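Structure, as structure tokens:
We did not get these values from a lab; they are worked out from the coordinates using the rules stated. Predicted model only: the values in this text are computed from it and were never measured. Here the Cβ is made from the backbone with ideal geometry for all residues, glycine too, and neighbour counts use every protein chain on show.
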Amino acid sequence: MSQRQVLQVFEQYQKARTQFVQMVAELATRPQNIETLQNAGVMSLLRPLLLDVVPTIQQTAALALGRLANYNDDLAEAVVKGDILPQLVYSLAEQNRFYKKAAAFVLRAVGKHSPQLAQAIVDCGALDTLVICLEDFDPGVKEAAAWALGYIARHNAELSQAVVDAGAVPLLVLCIQEPEIALKRIAASALSDISKHSPELAQTVVDAGAIAHLAQMILNPDSKLKRQVLSVLSQIAKHSVDLAEMVVEAEIFPVVLTCLKDKDEYVKKNASTLIREIAKHTPELSQLIVNAGGVAAVIDCIGSCKGNIRLPGIMMLGYVAAHSENLAMAVIISKGVPQLSVCLSEEPEDHIKAAAAWALGQIGRHTPEHARAVAVTNTLPVLLSLYMSTESSEDLQVKSKKAIKSILQKCTYLPALEPFLYDAPPNILKHVVGQFSKVLPHDSKARRLFVTSGGLKKVQEIKAEPGSLLQEYINSINNCYPEEIVRYYSPGYSDTLLQRVDSYQPLTH
Amino acid sequence: MATLARLQARSKFVAQQYYFRNSVVDIFRKKEYDAAVKIQSWFRGCQVRAHIRNLHRVATIIQKWWRSYSGRQEYQLIVKFASCAMKMNLYNAMAVRIQRRWRGYRIRKYCFNYFYLKEYLKAVSETNDAIREALEEFAEMKEREEKKADLEREEKKRDYQARKTHYLLSTKQIPGIYNSPFRKDPDPWELRLQKAKPLTYQRSKVKQKRCISLSSWLACTSARSFPRSEILPPIDRKQCQGPFRDITEVLEQRYKPLEPTLWVAEPISELKVAREEFRRQEWMRDVNDNMFLPFSSYHKNKKYTPLMHSSSKYGPNSYGSQHFRDENPKKWICDKG
């Protein structure tokens with residue numbers, strides 16, 4: 001045969017290989033085909049194609065593998081078991097940028113499913129090559145490598161430590177400064193995954209000088225980037241006071257407050273998460289946030305969104321109010337309590353209601369002024385109904401009970417306490433009656449109101465064991481009134497009067 | 001002898017008389033004796049009574065003087081104690097006055113100042129309002145920008161569409177589809193088509209990278225500098241009539257690139273810039289910016305700055321932070337100081 005015919009055979013084979021691998025890559029984009037592909041044994045067929053002579057076939061094979069591994073973890077395990085990873089890692093170091101991108105995509109797809117698979121990737125030495133890829137010129141390669149590192153570091157602290165030990169953090173900080181938005185996003189997300197596990201890892205990220213760049217990027221108009229940047233900062237700030245102070249020193253206030261007005265819901269959520277993580281550590285940090293007007297911004301943000309987006313904002317108000325009574329008063333004057341009671345009544349989910357109940361309890365527990373501010377908005381009946389309702393989860397019941405108790409122990413606003421006399425369970429009734437017994441001896445107008453509104457009648461009807469605290473309170477309330485009035489309102493008084501009428505003999509002259 | 005006889009005759013009488021008188025006297029003697037005894041006893045009684053009276057008088061005087069003396073002593077003690085008590089009460093009252101004022105002042109100035117709290121809360125609410133306004137403005141501005149961007153995008157799309165379909169423009173012979181003769185006015189799309197410039201065949205998208213090199217520096221300065229363009233002038237320009245120089249020569253001269261001298265080409269702070277660059281490279285490589293400190297407590301040099309509101313000239317209480325036990329040096333046996 002002639003040379004051309006010989007070469008034609010090879011060409012045909014090459015064309016067939018190219019076509020096969022391109023079709024597989026395309027089919028792998030649709031989830032319904034993947035089962036069939038798996039049953040047809042596509043893994044074992046793709047593996048030798050990774051070592052193919054033609055670079056395009058290698059790249060497309062790697063891309064197909066990545067898409068398959070991305071779909072579910074069985075396939076990812078098959079990739080690991082099929083010893084494909086060492087080959088990928090080896091050629092990652094040598095090949096051109098398209099191959100690098102595809103190989104990093106495979107590593108990402110395998111590493112995202114579970115910690116064991118990520119550990120397998122680390123064990124075959126992929127981290128060093130991925131870090132080398134982070135130094136590449138092409139931003140697409142950097143993006144793919146950073147994405148893979150982020151997914152590996154996401155699972156647990158050991159894997160994050162392995163990523164940090166490979167020297168990824170300074171390079172990721174460099175990647176953040178690159179002009180391409182997608183690269184910035186992915187690098188920020190990787191830093192967030194690294195720093196979320198432990199304070200030491202967060203400190204490593206901070207030592208690489210990330211905070212200054214991240215603080216500048218808050219002003220970037222891209223909302224997905226803002227999401228990731230705010231997420232990194234909140235993961236750093238959540239671990240300790242020093243880290244939170246370092247984040248604050250980067251002068252994020254009041255710029256962060258503009259993010260609370262963003263159109264994107266998740267930007268709002270991450271911004272309120274960041275503020276919450278800063279506020280929860282010490283009263284000084286909360287004071288700083290209050291002084292910068294953060295409380296008002298967070299309250300507006302809570303008002304403008306619904307559902308889980310509100311949750312960090314609600315918790316932030318609770319943390320701020322929990323530190324001291326001045327801060328709680330600051331929350332009250334920023335009109336936080338009406339907003340929280342709206343959240344309490346209209347949210348369908350129990351955990352958000354529980355958070356709102358907890359926050360209201362923290363606000364109202366300090367002094368009678370605070371309790372009055374909470375009671376005036378008519379939240380106490382709502383809390384009571386949540387406590388009594390059988391549909392509320394246990395967490396919600398516990399939190400609303402605690403909130404009611406802590407507010408009631410300081411509440412001297414009697415119009416809000418009166419409805420409680422009628423429909424409260426005995427353990428709460430004790431506190432209500434106790435509060436009445438504290439207020440009534442000193443206030444004559446309140447005494448009059450108490451009688452005319454029927455409260456005295458209700459108190460007489462309460463049955464209490466003699467010698468119990470409740471009985472003592474009832475006695476002290478009865479001591480505030482003349483005996484005739486107490487007798488008049490005691491139950492069965494009309495019967496005793498009628499009995500006296502029956503037994504009365506008119507005087508016969 | 002007569003007397004003797006007379007006496008002897010009388011002796012019996014005398015004897016009788018003697019006996020009679022003695023016995024009579026005897027009767028009276030008892031009486032008189034009793035009377036004498038009575039008188040004497042009475043007299044002695046008076047005497048004794050007088051003596052006792054005297055004694056009583058004297059004892060009374062002594063007792064009176066003694067009682068008055070001891071009463072005076074007691075009275076002086078009482079007066080002393082009463083005056084001490086009065087003085088102490090006075091001092092206490094004055095001390096309470098001072099302490100009251102001082103405590104009120106101290107609490108108000110250093111621990112809790114009600115008016116300051118009120119001012120602070122007012123300031124907080126004002127800041128909140130300001131922030132709310134600023135955020136509203138910001139949101140409005142963002143919306144306006146977005147709307148503007150949307151409108152611009154729409155406009156660009158429509159413009160592109162018009163340029164692509166410019167052939168639908170109506171000519172003098174054939175009215176186009178947007179210019180129906182039955183309409184009073186042509187369709188606005190028609191006017192857009194009229195304004196649009198048709199797309200040239202094979203538009204090459206040349207993106208000019210803005211490189212800050214010395215040659216392009218000249219291009220972005222004021223109009224007084226030579227105009228410099230990247231695109232060369234068209235080749236087939238017709239030769240203008242007249243005593244003009246050769247066009248190539250003119251263009252060469254006009255678009256001559258800048259040939260700066262060596263002194264101008266390098267910036268004056270080249271060395272400093274190079275050093276900075278080097279330092280920056282090194283800094284980029286460093287994972288940790290802090291100098292290596294051999295001992296672990298070198299970095300613990302941050303002095304604790306207490307809150308301004310709880311520190312004062314009078315200082316925080318040292319018991320509880322500096323020392324935790326009461327020390328009485330006077331009670332120490334050996335000299336530990």
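Within the range A:28-139, all pairs of alpha-carbon atoms sorted by distance into 10 Å bins from zero give the percentages 15, 50, 30, 4. With θ taken as phi - 60° and the Karplus curve 6.51 cos²θ - 1.76 cosθ + 1.60 applied, the whole-hertz 3J(HN,Hα) list for the range A:458-469 is 5, 5, 4, 6, 6, 9, 9, 5, x, x, 7, 4 Hz, x standing for glycine and proline.
With a cut-off of 12 Å between beta carbons, the residues surrounding B:His51 carry a summed charge of +4, where Lys and Arg count +1 and Asp and Glu -1. Think of chain A as having a plus end and a minus end, set by charges on the Cβ of Lys, Arg, Asp and Glu; of A:Pro221, A:Thr204, A:Ala25, A:Pro221 sits farthest toward the positive end of this dipole.
Summarising the overall dimensions of the range A:392-509 from its C-alpha atoms, the Rg and Dmax are 17.9, 75 angstrom. Treat every Asp and Glu Cβ in the protein assembly as shown as -1 and every Lys and Arg Cβ as +1, leave all other atoms uncharged, and give the resulting dipole magnitude about the Cα centre to the nearest 20 debye. With Lys and Arg at +1 and Asp and Glu at -1, about 6900 debye. Evaluated at q = 0.17, 0.32 Å⁻¹, the base-10 log of the normalised Debye intensity for the range A:183-223, with identical point scatterers placed on the Cα atoms, takes the values -0.46, -1.16.
When the alpha carbon gyration tensor of the range B:8-112 is reduced to an equivalent ellipsoid, its three semi-axes come out at 95, 9, 5 angstrom, largest first. 3J(HN,Hα) along the range B:77-88, derived from phi through the Karplus expression 6.51 cos²θ - 1.76 cosθ + 1.60 where θ = phi - 60°, amounts to 4, 4, 4, 4, 5, 5, 5, 4, 4, 5, 5, 4 Hz, with x in place of Gly and Pro. At q = 0.28, 0.30, 0.31 Å⁻¹, what base-10 log of I(q)/I(0) does the Debye formula yield for the range A:130-183 when every alpha carbon is treated as an equal point scatterer in vacuo? Each listed q maps to, in turn, -1.12, -1.23, -1.28.
Taking 0.36 nm per residue of separation and subtracting the Cα-Cα distance, what length does fully extending B:Glu327 through B:Gln241 add? Let's see the in-between values first.
Numbers: separation 86, 0.36 × 86 = 30.96 nm, distance 11.28 nm.
The B:Glu327-B:Gln241 span can extend by a further 19.7 nm.
Give me D for the range A:111-160 in µm² s⁻¹, whole number, from Stokes-Einstein with Rh from the Kirkwood sum over alpha-carbon pairs, 37 °C and 0.692 mPa s. Don't skip to the end; give the middle numbers.
Working: Rh = 10.9 Å.
For these conditions, the coefficient is 302 µm²/s.
The A:Arg30 and A:Glu349 beta-carbon pair, evaluated with R₀ = 60 Å, returns a calculated FRET efficiency of approximately 0.95. Relative to the current alpha-carbon distance between A:Glu245 and A:Glu472, full extension at 0.36 nm per residue lengthens the span by 76.6 nm. The value for the range A:348-434 of Rg(Cα) / (2.2 N^0.38 Å) is 0.98.
Taking Cβ atoms as reference points and 10 Å as the exclusive limit, the residues near A:Pro115 contribute a net charge of 0, counting Lys and Arg as +1 and Asp and Glu as -1. 3J(HN,Hα) couplings calculated from phi for the range A:327-343 with the Karplus curve 6.51 cos²θ - 1.76 cosθ + 1.60 (θ = phi - 60°) are, in sequence order, 5, 5, 5, 5, 5, 5, 6, 7, 6, x, 5, x, 5, 5, 6, 5, 4 Hz; Gly and Pro show x. Length gained on full extension, B:Arg53 to B:Asp159, computed as 0.36 nm times the residue gap minus the Cα-Cα distance: 23.2 nm.
What percent does the relative contact order of chain A come to when contacts are Cα pairs within less than 8 Å and at least six residues apart? The partial results should precede the final answer.
Values: 714 pairs, mean separation 30.4, N = 509.
The normalised contact order for chain A reaches 6 percent.
Applying the Kirkwood pairwise sum to the alpha-carbon positions of the protein assembly as shown produces a hydrodynamic radius of 39.3 angstrom. If one computes the Cα centroid of the range A:187-243 and of the range A:309-388, what distance in Å separates the two points? For the range A:187-243 versus the range A:309-388, the Cα centre distance is 30 Å.
Assuming R0 = 35 Å, can you tell me the calculated FRET efficiency for the pair A:Lys458 and A:Glu369, based on Cβ-Cβ distance, to the nearest 0.05? That pair, A:Lys458 with A:Glu369, gives E of 0.85. When only Cα pairs below 8 angstrom with a gap of at least 6 residues are kept, the range A:421-491 shows a relative contact order of 38 percent. Modelled label positions at A:Lys438 and B:Arg103, each set 7 Å beyond Cα in the direction of Cβ, lie 2.2 nm from each other.
Within a 10 angstrom radius of the beta carbon, how do A:Tyr151, B:Tyr19 rank from fewest other beta carbons to most? The partial results should precede the final answer.
Numbers: A:Tyr151 22, B:Tyr19 12.
Going from sparsest to densest Cβ surroundings: B:Tyr19, A:Tyr151.
In this structure the amide hydrogen of B:Tyr178, modeled in the peptide plane, comes within under 5 Å of no amide hydrogen from residues 5 or more places off or on another chain.
Between B:Leu191 and B:Lys148, what's the calculated FRET efficiency when r is the beta-carbon distance and R0 is 30 Å? Round to 0.05.
Values: r = 23 Å, r/R0 = 0.77.
The pair B:Leu191/B:Lys148 has a calculated efficiency of 0.85.
Between B:Lys172 and B:Asn290, the modelled label-to-label distance comes to 8.6 nm, taking each label 7 Å out from Cα in the direction of the beta carbon. A Stokes-Einstein calculation at 25 °C with viscosity 0.890 mPa s, built on the Kirkwood radius of the range A:424-467 over Cα pairs, returns a diffusion coefficient of 219 µm²/s. Other protein chain C-beta atoms within 10 Å of residue C-beta, averaged over A:294-304: 3. Legend: mean number of C-beta atoms from other chains within 10 angstrom of residue C-beta atoms, peptide B:122-130, equals 6.
For peptide B:283-296, compute the average count of partner chain beta-carbon atoms within 10 Å of each residue's beta-carbon.
Numbers: counts 1, 6, 1, 4, 9, 5, 3, 1, 0, 0, 0, 0, 0, 0.
Going residue by residue through B:283-296 and averaging, the value is 2.
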